[in-house]
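Some notes on the structure that comes next.
The values are calculated or read from the model by the stated rules, or taken from the named source; none is laboratory data. Fair warning: this is a prediction, and the values are worked out from it, not measured in the lab. Ideal geometry is used to build each Cβ from the backbone, glycine not excepted, and the neighbour counts take in all protein chains shown. SASA here: full protein model, heavy atoms, side chains in, ligands and nucleic acids out. Shrake-Rupley method; radii C 1.70, N 1.55, O 1.52, S 1.80 Å.
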Amino acid sequence: MGAGGRMSISPSELHQKQQHDPLRRVPALKPPFTLGQLKKAIPPHCFNRSIPRSFSYVAYDLTIVFIFYYLATNYISLLPSPLNYLAWTLYWVCQGCVLTGVWVIAHECGHHAFSDYQWLDDTVGLILHSSLLVPYFSWKYSHRRHHSNTGSLERDEVFVPKPKSEMPWFSKYLNNPPGRFLSLFITLTLGWPLYLTFNVSGRKYERFACHYDPYGPIYNDRERLQIFISDVGVFAVTYVLYRLVVSCGISWVIQVYGVPLLIVNGFLVLITYLQHTHPSLPHYDSSEWDWLRGALATVDRDYGVLNKVFHHITDTHVAHHLFSTMPHYHAMEATKAIKPILGEYYQFDGTPIYKATWREARECIYVEPDEGSKEKGVFWYKNKF
């Protein structure tokens, strides 16, 4: 190990090692580097937020969304069967992917990474997220707490794994191919609304927690008014959809908006799940957890061409957890800059997403400390009942 906490292994050697052994465990010991050392390694301009550049991504995505909408509503009906069914399927997938990119930009607004003006970030984020039926401020505050407590079994907010002793009684009956398929199907289709409404897969609270409830335990008194504003935003878009149903019919709304929204929700859950669920990642109880180790308990993935469509939230997530106010358009450069310092603490898995999803569903069932380990507060994924 060299000066400044640098690992002796070169970046190219580390990348090759990760490619050949993506399941190697990330070190759970306290890192030999600090957040300050990581920040110094990143070119200063990477932390600059540009209003014109940020809005250029909004304009680009919304232009593509409109083009897809225009083509679908004006030309698909002219196609003979079964080509029209194929065209609708293509529209749903493409529109869902681009709208996921819109979701990511609103997510960036929630992190104050869109501009230097909080009011502008919140205005843009509220409009974009509400259009996708997301309660912007409600999610912003719970997501902020996720970033503050990543990897903590007691305080993390989303996809918090359970110890074996807390697993539901029926879990062992789902630990098979049909059960995993059913679990993944429910997670990808219903997971997002279930999380927002019932806090499914979220942290434990002393009473019922719901992202739409301004007086719920997720929020404090200073945040409650903004939760009301989030609810108004979602209600306003819901009313617009109702008027569209009245004038255009429910099948039109489902075809044009509903199915792409399901795909957005599915990608959102899938991306988050795979960022924080991996056989190599540790979780910590209060005796071991600290912020830096928790922030490093995440993994970068490769979604191919969708990395660009999703504004690189997929393949620069480690850097995002370390510096969440950094704009997405600088995250690739920042990731490249910090990888030599992170060394083996940086995790990248290039396994094809469909294979990785199935593997994680099979291998990452619950967490337990290793048998005989002295680190009783460090938990690893297990799958044997």
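So here's what we get for this one:
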read-out: Scope segment 318-334; condition open to solvent by 10 Å² or more (accessible area, probe 1.4 Å) and over 16 Å from residue 112 (Cβ atoms); matching residues; value: 332, 333
read-out: So residue 243, is it surrounded by 20 or more Cβ atoms within 10 Å (Cβ to Cβ), farther than 21 Å from residue 192 by Cα and among the basic types (Lys, Arg); value: no
read-out: Hits in segment 189-211 - residues which are surrounded by 15 or more Cβ atoms within 10 Å (Cβ to Cβ), part of a loop (DSSP other than H, G, I, E, B) and of a type in the set (Ser, Thr, Tyr); value: 201
read-out: One residue from 251, 280, 286 being open to solvent by 60 Å² or more (accessible area, probe 1.4 Å) and in contact with a strand residue (DSSP E or B) (Cβ under 9 Å, 6 or more places away or on another chain); value: 286
read-out: So residue 219, is it aromatic (Phe, Trp, Tyr), under 25 Å from residue 276 (Cβ atoms) and open to solvent by 40 Å² or more (accessible area, probe 1.4 Å); value: no
read-out: Selected residue [farther than 20 Å from residue 21 by Cα, open to solvent by less than 30 Å² (accessible area, probe 1.4 Å), of a type outside the set (A, V, I, L, M) and touching a helix residue (DSSP H, G or I) at 6+ places or on another chain (Cβ under 9 Å)] from 346, 366; value: 366
read-out: Residue ranges of helices (runs of 4 or more DSSP H) in segment 30-117 with at least 2 members under 23 Å from residue 313 (Cα atoms) and of a type in the set (Phe, Trp, Tyr); value: 51-75, 83-110
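One line per residue, one yes/no per condition, for (1) at pLDDT below 95; (2) among the charged types (D, E, K, R); (3) open to solvent by less than 20 Å² (accessible area, probe 1.4 Å):
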{"site": "68", "(1), (2), (3)": "no, no, no"}
{"site": "74", "(1), (2), (3)": "no, no, no"}
{"site": "81", "(1), (2), (3)": "yes, no, no"}
{"site": "92", "(1), (2), (3)": "no, no, no"}
{"site": "101", "(1), (2), (3)": "no, no, yes"}
{"site": "106", "(1), (2), (3)": "no, no, yes"}
{"site": "109", "(1), (2), (3)": "no, no, yes"}
{"site": "115", "(1), (2), (3)": "no, no, yes"}
